[in-house]
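The values are calculated or read from the model by the stated rules, or taken from the named source; none is laboratory data. The model shown is predicted, which means the values in this text are computed figures rather than measured ones. Every residue, glycine among them, receives a Cβ derived from its backbone with ideal geometry; neighbour counts consider all protein chains shown. Protein only, heavy atoms only, side chains kept; ligands, DNA and RNA dropped before computing areas. Shrake-Rupley method; radii C 1.70, N 1.55, O 1.52, S 1.80 Å.
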Amino acid sequence: MNKLFILAVFLCGSILYPRPAPAADAVHGKTLYRVYCTQCHGLSGDGKGINAPQLSVQPRNHRDRAEMSARTDDDLFKAIKEGGQAVNKSILMPNWDGNMTDAEIHDVVAYLRALCCAGAK
Amino acid sequence: MRKVIALGGAALMTALSITSVRAAEAPAKIQKDCAVCHQMSGPASPDLAARQTRKGPPLFFTGNKFRRDWLEAWLQKPTRIRPAGDFAPDHAAKGPEGDAVDAASLSGHPAVDAPAAKQIADYLMTLTPNTALLAKEDYTPGRVSARIGAMDFVKFKGCSGCHKDTPKYGGFSGPELHTAWQRLQPPFIVSYIRDPAAWEPRTLMPNKHLNTAGIHKLANYLRTIGEKPEKAK
C-alpha cells in the first residue's frame, strides 16, 4: 500500500502538493483503462483501438508525451468524467461518470500519467 | 443421447444438443448447461473482475430483454451479435494499422434443436427481475427517417463509435444494433440507453444522460433500420 502510494505520488507529479487522500492507484487505473478505454484508444494506448477506423475524429494517442503534458490532471479528469464535449473536444470521447466513481477516474488519470510520461507498459 | 457426463468442451456441446427433457427437469438442466458461460440468476455484480472474466452476457433478465420469437429462432441458428465478442479487449490484437478484431479468438455459439429451443425460451422468458425498470418507461414507437436518424446516431450522439447501425458501418465493441429491433423488447432498448448501469453496473456502455425525447428518437431509429419490411404495418 505504502509502495503504491509513493508510486502514485511520483506518477501524478503531485510531489509539490500535500498528500491527497486517498492516493490514486495507477495499477488499478490500468485495469480500468483496459476495460473501458482500449476499445477506442488501443491495447497499448496509441489511439488505435478496434473502433478507431470507424471514428471521424481519431482518439488521442495517450503515449504522446507532448500532447499529454499540455494537459493538467484536472483537464484529464474532466475529459474522462464529463466527456469530450466538456473540454471542447469531440462527442466521440464519451463521458464515463456513469461507469466509474471519482476515485476510479483519479486512478485512470494516474495511469495515463504513467503511460505518457513514465514509460509504463 | 443420454450421456450427460459433461467433461470439457466437446461433452458440453453434446449435452446442449440433447433435445428437450421432461418439463419438470428443464429449469435445472438449462440453469446448469448455460451457467457454464452465462450468469443465470441476479443480481448483476458491481465487481470489475467479474466483468473481465465472464464468458457471456447475463441471461437472468432474459424475460425483460428479448423478444421471444427472436430468442427461440436464434437458439437454433445462433449468429454473432457482438463483433468483438462479449469482452472486446480479449478479442483485439495489434496489427500493422492498429488494433483489429482477432477473429480466430472467437468461437461459435452452441446450437440446440427446435424442441429444446422452445423449452429454453419458455423458461428464460420467465426470468423477469427488472420489470420495475421497464415500468418506468412510457414509450410508443414512432418514426424517424433513416437519414435524420443516422445523423443523430453517428454525429450527435456518438453511438456509432461502438455500435453498428448497418452491417458495414460502426464500431466493433458493442452489440450490433441494425438487428436490435428484432432482438429486443422496445422498453428494454429505451431503458438501457437511459441507464445502462441499472442493468449491468459494470457495463462498458457510457450513460449519455439523454432526455426522454432524445432516447425515443434513437429507439425510433433502431426501429426504422431494424424492422423487417414484410412485417411493417
Need one number: the % of Cα-Cα pairs in the stretch A:24-117 sitting beyond the 22 Å mark. 15 percent
With the 1.4 Å probe rolled over protein heavy atoms, the stretch B:132-232 has an accessible area per residue in Å² of 45 Å²
Ignoring ligands, DNA and RNA, how much accessible area is buried between chains A and B, both sides summed, with a 1.4 Å probe, to the nearest 100 Å²? 2500 Å²
In the stretch B:132-232, carbon and sulfur make up what percent of the accessible area (probe 1.4 Å)? 61 percent
Can you pull the percent of the stretch B:23-129's accessible area that's carbon plus sulfur, 1.4 Å probe, other chains left in place? 60 percent
Once every DSSP H run of n ≥ 4 in chain B is given -39500 (n - 2.57) and the sum is divided by its residues, what mean residue ellipticity at 222 nm do you get, rounded to the nearest 500 deg cm²/dmol? -10500 deg cm²/dmol
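How large is the Kirkwood hydrodynamic radius of chain B, in angstrom, based on all distinct alpha carbon pairs?
Numbers: mean 1/r = 0.0525 Å⁻¹.
Mean inverse Cα-Cα distance, inverted, gives 19.1 Å.
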Do any residues of the stretch A:33-55 lose at least 40 Å² of accessible area when the full set of protein chains is present rather than just their chain alone, and if so which, with a 1.4 Å probe? A:ARG34, A:VAL35, A:TYR36, A:GLN39, A:LEU43, A:LYS48, A:ILE50, A:ASN51, A:GLN54
The simple spin-label model distance between A:ASP73 and B:ALA132, using points 7 Å out along Cα→Cβ, in nm, is 3.9 nm
Using a 1.4 Å probe on the heavy atoms of the protein chains only, list every residue of the stretch B:185-223 that has 30 Å² or more less accessible area in the complete assembly than in its chain alone. B:ARG202, B:LEU204, B:PRO206, B:ASN207, B:LYS208, B:HIS209
For the stretch B:23-129, the Kirkwood Rh over every pair of distinct alpha carbons, in Å, works out to 15.3 Å
Losing no less than 10 Å² of accessible area (probe 1.4 Å) relative to the isolated chain, the residues of the stretch A:79-116 are A:ILE91, A:LEU92, A:PRO94, A:ASN95, A:TRP96, A:ASP97, A:GLY98, A:ASN99, A:GLU104
Pairwise label distance in nanometres, B:ASP47 with A:GLN85, each label 7 Å out on the Cα-Cβ vector: 3.6 nm
Based on the Cβ-Cβ distance of B:THR79 and B:ALA24, what FRET efficiency does E = 1/(1 + (r/R0)^6) give at R0 = 22 Å, to the nearest 0.05? 0.10
Against the 2.2 N^0.38 Å scaling, with N counting residues, where does the protein assembly as shown land? I'd like the Cα-based Rg ratio to two decimal places. 1.07
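Taking N as the number of residues in the stretch B:132-232, what is its alpha-carbon radius of gyration divided by 2.2 N^0.38 Å?
Working it through for the stretch B:132-232, the quotient is 1.00.
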